[in-house]
Amino acid sequence: MAEDESLWLTSRAFKEVNAAAIIVDDQAHVLSINGQFFHLIGIGADGLLEKPLHIHCPEIAASIEHLRREGKSHDEFLIRDQSDHPVWIQLSIRTISEAGAPIRQVVTLTDITYAKLHDGLYHKILEALIQDRPVGQILNLLCTEVEQFLRGVSMSILRVDADGRLRHIAAPNLPDRYCRAIDGIRIGPKVGSCGTAAFRGEQVLVHDIPNDPLWEDFRDAVAPMGFTTCWSIPICAKDGSVAGTFAFYAQQPLPQTAFMSHMVDICGRLCRLALEKREYEDKIQYLAHNDMLTGLANRAFFQTRLFEEAQRSIRQKTSLALHMIDLDRFKEINDGLGHPVGDEVLCIVADTLKSAARNGDVVARLGGDEFVLLQVAVRRKEQAEARAHEIISALDTAIQNRLVGTGIKAGASAGFAVFPQDADDMDMVVRHADMALYQAKSDGKGVWRAFDLTMAEALHRRRTLEGDLRVALANPADNLWVAYQPQVRLSDSAIIGFEALARWTHPHLGEISPVQFIQVAEESGLIGCLGRWILESACNTAAHWQDPNGISVNLSALQIFEDDLVEFIQELLIRTGLAPNRLELEVTESILIENTDRGLHTLRRLKALGIRIAMDDFGTGYSSLSYLQTFSFDKIKIDRSFVNGLERGVHARAIIRAVIGLAHAIDVPVIAEGVETGIQFELLRDQGCDEIQGYFVGRPMSADMLEAWRFDWRNRSLGLARRAS
């Protein structure tokens, strides 16, 4: 009776269980089937009862035999349903015994397709993302994996560029000619399935490509492949915009099943992840090659283009004209009207130069108010002269239109040199164009000058300045002094340190611009002497502060290659009594670009002493990213040119957020310099920036003014804290 009751309970549970199940005897003949089995496998009782299981369900029979042989109770295997979609089955066996002997088995089958599909695709694509493989390669992998699940389907992935055009990314099983045919097509209401889906922002399923009006202009391109169906799904970015599309092409109609809906959902999520990675990479690439404020090429990218165009010029037997442009009285704009207006003027200059450029010309911002336009395909010097006149005239009009009513009259000066007539070496052409610019500014500003040999006098003046700097360095206490600009922590406005900045009061010329005399020092080899004097002065001053704040000093590219630099700094710290962790040395990528191994070796030795190393001007020169992998920097410094754009829109904030996110991802704090306004202060704090310096906090000041500033800042910081709360 007990065994009969057990069999009755088993039969009752078998019928009511919410899973596909069958009962088989010890010869694998089917004794019973529940309704869920028919829904899962598609075969009912009439086809299976009292028959060997392997006749209609060989995969299930093989799995049961395998489990019996191995003495196990669970297995997983793959079958295909009536729509030819893959179905992953998890099979479990429970044995029923009678008189101690097994007489039958209850076989339960669970559809685990979604879990397998989800885990398998996510695992492979996320692993590829972590390995930092190219986005195109990652999405090709996704297409290949999906096509293995969907027989007879070819998958493609497109992105939508800033101009609203489709751009091919991945389609491993579509012909190249087809991919080329749709690459660059503008999205719209009748642009096939993909262009229409991107335009509408919704799925577009076409089952009859040869006759559907959406494909009217593209039938010839797709006809050779025999596709009649194209199901395109938009890929939406976080802000809701359409970043791209992915599509399934087939020669037969695609069924709208739960499985296909799940596949669409997974593909959408993975495509979005990959395109977000591409967007992030594009932002970093943009940082490396473009000026943050104006969008023009930066110095590093321009140098690359300069030498490329020189080679092309030689092949084509044409000339190049290098126009160096510098704004006149720009400091008056910044000081009198504020940096936001100054930044607006810089953007106006950039737009004006882009309008003055012809096909193939290159426009760049070298830094500050320095711009350059490389004029290509020059046949006669008169062409360069005409362009220089056009540039100055257009800039004068554009700048003055912005400054109407301000009382400031500003414009631009320019100088150009021609390759190869003025010099057959591009470095020398740059120097000659710079000499011509210097001459233009000396001649009254607002004019242009072409290089000629008489400009050697300009070089003489520079050499005079060099001689004066040598005299000043012989007795630095007479004319040289160190200014200190404070740095504070954003979270609590605490003072964390000061940056030491060199200043030169010339006995006859007055205050000499640091940019000017530091450039002279670097070009003349005096930077080593100047740099050591700054280090000594700064460390001596900091050692006597009551508060143990840090002191930050710039290290030039030439200094780092001095053989005894590490020994000098080590001895200096011992002599002054300054703790090594209070000294922070700021370096730029240019220090490492010329001799990576030697530069990194010196930085590692300095870091081993306990000195902190910061990367200065992140992203403004060369590509900084590789050095973040090869050296553990203690801090990343965002250049003021990045901060200037914060108040103008989301694009600038996104770039800043990308830099901060990148730094925090590798546990490196970020300091932003050039913070001029309370709005910039608050935006940077909201973005998660760690520290700031700039006029908003305090201008560079002499050592004897620091205590007064400290007292003033403590009072100001209380107000900032109340405002933040």
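Each reported figure results from applying straightforward, stated rules to the coordinates on display, with no laboratory input. This one's a predicted model, so the numbers in the text were calculated from it and none came from an experiment. With ideal geometry, Cβ positions are generated from the backbone for all residues, glycine too; neighbour counts draw on all protein chains shown.
Our note on the geometry: Cα centres of region 240-299 and region 121-150, 13 Å apart.
Can you give the longest stretch of the chain with no exposed loop site, where a site means GluC sites (Glu not before Pro) in a DSSP loop (not H, G, I, E or B) with at most 13 other C-beta atoms within 10 Å? Don't skip to the end; give the middle numbers.
On the way: sites that count: 50, 202, 216, 594.
Maximal segment without exposed cleavage sites: 217-593.
When every alpha-carbon pair in region 191-301 is counted, what percent end up more than 19 Å apart?
Working: 3434 of 6105 pairs.
Percent of Cα pairs beyond 19 Å in region 191-301: 56.
Its Cα gyration tensor gives region 299-451 an equivalent ellipsoid. The semi-axes, each the square root of 5 times an eigenvalue, are 28, 14, 13 Å from largest down. Taking a point 7 Å out from the Cα of residue 571 in the direction of its Cβ, the residues of region 450-491 whose backbone N falls within less than 20 Å of it are 474-476. As a rough footprinting exposure proxy, the listed residues 717, 97 were ranked by other beta carbons within 10 Å of their own, and the order from fewest upward is 97, 717. Listed here are the pairs 354/381; 190/354; 277/637; 277/317; which of them are more than 31 Å apart at the Cα? As for pairs spanning more than 31 Å Cα to Cα, those are 190/354; 277/317.
Counting only Cβ charges, +1 for Lys and Arg and -1 for Asp and Glu, the dipole size of the chain around its Cα centre is about 960 debye. Projected label points at residue 546 and residue 118, each 7 Å from Cα along the beta carbon direction, are separated by 6.3 nanometres.
Take the alpha carbon gyration tensor of region 115-288, find the square roots of its eigenvalues, order them as a ≥ b ≥ c, and report rounded if a/c is under 1.5; if not, report prolate when a/b exceeds b/c, else oblate. Please report the intermediate quantities before stating the final value.
Values: a/c = 1.70, a/b = 1.22, b/c = 1.40.
It is oblate, given that a/c is not under 1.5 and a/b is not larger than b/c.
Which semi-axis lengths, in whole Å and largest first, follow from the square roots of five times the eigenvalues of the Cα gyration tensor of region 59-149?
Ellipsoid half-lengths, sorted descending, are 38, 14, 9 Å.
What's the exposure ranking of 267, 236, going from fewest to most Cβ atoms within 10 Å?
On the way: 267 24, 236 16.
Going from least to most buried by this count: 236, 267.
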